[in-house]
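Participant: I am attaching a structure below and will ask some questions about it afterwards.
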Amino acid sequence: MIDTVHQLRCTGCSQRVTQREARSNFRCADCGELFEVEYPAWSSTSVAVHAPALVHANGSHYELPNGLGAPSLPTQPRTWMPNASALRWLWKERRHSALPIDQSGVWRFRELLPILENPNDAVTLREGNTPLLGMPRCAQAAGMERLLAKHQGMNPTGSFKDTGMTAALSVARERGFEWVACASTGNTSAAMAAYAARAGLRCLVLIPEGKIAWGKLSQAMDYGALTCQLRTDFDGCVRVLAEVVEHYPIYLLNSVNPYRLEGQKTPALEMAEEMEWNVPDHVIVPGGNLANCSALGKGFQEMKHLGLTRTVPSISVVQAAGANPLYTSMQTSAGRELTPVHADTRASAIRIGSPASWRKAVRILEQTGGFCEQVSEAEIAIAKAEIGREGVGCEPASAVTLAGLKKLVKDGRVKPSENVVLLLTGHTLKDSEYTIEFHRGNLLSEGEARGYESKIAPLRSEMPVLDASADAVLRVLAAGVS
Ligand SMILES: [Zn+2]
């Protein structure tokens, strides 16, 4: 029934399929590209091939709240345009509701992601509704007049993955799967394990042995996942899992799953709502598997298409220099070809050499006028410490956004007066070992830190060991140790 409300469009050859026709690896049978979710009634790209849209198999109309625009007739599947003011009002009102799906920052916007037969069946941990925070010290460090950060690390499992997971895992449960699976650098496995536990599903996690942060691994184990450490890197885990899903009835929840992106587009809606339905000039995201950039782009583009906002921000991607396949692709072939790289960075969440969603990311960079930048290990560590000094904090991968912004401002690609939002993807506690090593002075090699010593020193927090006396503490205070 829900297949009449949404369909999957191949981003390579534009072929449309229903969710039940999609292959278990979510790649197009004809061209091998990834799909995106399309709504025949209102998507700007849509060509309805599974009409009648918005009509259940029993003939009743798919329910839309009163006053939100007339549902389209079966013969006119592309005519639903919402009453933008009514939608904005409804989404705000739901913040006061006691219903779990209204308290979710994803399902609160469910009119723009009608992917479930019954939204009340959504598996939710009240994700989303994350803060948009002013970052005055970071603004100064980057040469900006002002700067905002959307902290997706404030989600239930501490990363941006929760918004996508509530969407895709709800689809898995509705379709009757007993097992779900992902390959992960850590955050995806934590999110999937938590939502699978809530839904009563079994979950399989494939992680690269010894290469994910302990905080993330502990989450997957705490939530009861079957966690297999493979003797390979993240990209190797992805390859193995692609074979597993061919041989076992298990639902793939990596970001190739297009329903993940439907949840991950909602931070764009939240940003617009938090900015009184204006959008920033520029949003900067970390670049790992590269689905986040296309998800946000989709959210902003859909809002503009539906008349909820007037513009789409530039969306830029920043990668670690040690895991920079998109950056290299943009430099050498303007994004036409991508050669996988051996990924090596301490920012483990973006330690990905062969990103699945790179073509989608290139498209969003081109459509929005965004940039792709790379930053060094020292630049990441400094930016992370600066975000920490705001009382905000983030995991290392998130800090590439601030480090990249500094470069964009320095060479004039971003003007100091622009409204920029950094997308912080993970909580600082996701990788506390990194933070402690930085403050102890053990994180970076001499070579990596060379030339940055004067920036690093004032950002390091001291942790002296003292005798148990007030005098000893008072002496430290008098010396002004920070
Ligand atoms: Zn295709």
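Every number in this text was worked out from the coordinates using simple rules, so none of it is lab data. Since the structure is predicted, the reported quantities are computational estimates derived from the model, not experimental observations. Note that we place each Cβ from the backbone using ideal geometry, even for glycine, and neighbour counts take in every protein chain shown.
Participant: Can you give me the relative contact order of the chain as a percent, contacts being Cα pairs under 8 Å and 6 or more apart?
Facilitator: For the chain, the relative contact order is 14 percent.
Participant: Go ahead and estimate [θ] at 222 nm for the chain from helices alone: -39,500 (n - 2.57) per DSSP H run with n ≥ 4, summed, over the residue count, rounded to 500.
Facilitator: -10500 deg cm²/dmol
Participant: Could you tell me what percent of the DSSP beta bridges with both partners in the chain are antiparallel, to the nearest 5?
Facilitator: Antiparallel: roughly 30 percent of the beta bridges in the chain.
Participant: Distance cut-off 22 Å, Cα to Cα: go down the list Lys150/Lys298; Lys265/Lys410; Lys265/Lys407 and report the pairs above it.
Facilitator: Lys265/Lys410; Lys265/Lys407
Participant: Kindly express, to the nearest 10 degrees and within the range 0 to 90, the angle between helix 161-174's C-alpha long axis and the longest C-alpha principal axis of the chain.
Facilitator: That helix lies at roughly 30 degrees to the long axis.
Participant: Percent relative contact order of the range 160-252, based on C-alpha pairs within less than 8 angstrom and at least six residues apart?
Facilitator: Averaging sequence separation for qualifying contacts and normalising by length gives 32 percent for the range 160-252.
Participant: A further question on this structure: Can you list the HN-Hα couplings for the range 91-108, worked out from phi with the Karplus curve (6.51, -1.76, 1.60; θ = phi - 60°), rounded to whole Hz and with x for Gly and Pro?
Facilitator: In residue order, the calculated couplings are 5, 6, 4, 5, 4, 9, 7, 8, 5, x, 5, 6, 7, 7, x, 9, 6, 4 Hz.
Participant: If you average the C-alpha positions of the range 79-121 and of the range 171-221 separately, how far apart do those two centres end up, in angstrom?
Facilitator: When both Cα centres are located, 27 Å separates them.
Participant: Enumerate the calculated ³J(HN,Hα) couplings along the range 239-250 in order (Karplus 6.51 cos²θ - 1.76 cosθ + 1.60, θ = phi - 60°), each rounded to whole Hz, writing x wherever the residue is Gly or Pro.
Facilitator: For the range 239-250, the Karplus-derived couplings read 5, 5, 5, 4, 6, 4, 5, 6, 10, 8, x, 9 Hz, x marking Gly and Pro.
Participant: Taking the Cα atoms of the range 419-469, what is the range of coordinates along each of the three principal axes, in descending order and whole Å?
Facilitator: Cα extents, longest axis first: 48, 28, 21 Å.
Participant: What percent of all Cα-Cα pairs in the range 91-237 falls into each 5 Å bin, going from 0 up to the bin containing the maximum distance?
Facilitator: In order of increasing distance, the bins hold 2, 10, 17, 18, 16, 13, 11, 8, 4, 1, 0 percent.
Participant: Let me ask another. For Asp431, Asp162, Asp121, which order do you get if you count the other beta carbons within 10 Å of each Cβ and list the fewest first?
Facilitator: Fewest to most other Cβ atoms nearby, the residues stand as Asp121, Asp431, Asp162.
Participant: Arranged by the count of other C-beta atoms within 10 angstrom, fewest first, what order do Ser316, Ser329 take?
Facilitator: So the residues, fewest neighbours to most, are Ser329, Ser316.
Participant: Sticking with this structure for a sec: Taking Cα centroids, how far is the range 352-372 from the range 27-42 in Å?
Facilitator: 17 Å
Participant: Direction-averaged shadow area of the convex hull around the Cα atoms of the range 248-365, nm²?
Facilitator: 8.7 nm²
Participant: Follow-up. What list of ³J(HN,Hα) values in whole Hz, one per residue of the range 132-137 in order, does the Karplus curve 6.51 cos²θ - 1.76 cosθ + 1.60 (θ = phi - 60°) give from phi, with Gly and Pro shown as x?
Facilitator: 9, 10, x, 10, x, 5
Participant: Moving on to the next point. If every alpha-carbon in the range 160-252 counts as one equal scatterer, what log10 I(q)/I(0) does Debye give at q = 0.10, 0.16, 0.17, 0.20 1/Å?
Facilitator: Log10 I(q)/I(0), no solvent term: -0.21, -0.56, -0.64, -0.89.
Participant: Rank the residues His427, His96, His151 as a footprinting-exposure proxy: fewest other Cβ atoms within 10 Å of their Cβ go first.
Facilitator: His96, His427, His151
Participant: Project the alpha carbons of the chain onto their principal axes and report the range along each, largest first, in whole Å.
Facilitator: Largest to smallest, the principal-axis extents are 79, 50, 49 Å.
Participant: Please give, to one decimal in nm, the separation of the simple spin-label points placed at Gln367 and Ala84, each 7 Å out from Cα toward the Cβ.
Facilitator: About 1.8 nm, to one decimal.
Participant: Which value does Rg/Rh take for the range 1-43 over its C-alpha atoms, Rh per Kirkwood?
Facilitator: Rg divided by Rh gives 0.95.
Participant: Take the alpha carbon gyration tensor of the range 119-162, find the square roots of its eigenvalues, order them as a ≥ b ≥ c, and report rounded if a/c is under 1.5; if not, report prolate when a/b exceeds b/c, else oblate.
Facilitator: Prolate is the answer for the range 119-162, as a/c is 1.5 or above and a/b outweighs b/c.
Participant: In Å and whole numbers, how far do the C-alpha atoms of the range 183-339 stretch along each principal axis, longest first?
Facilitator: The principal-axis extents, from largest down, are 46, 41, 30 Å.
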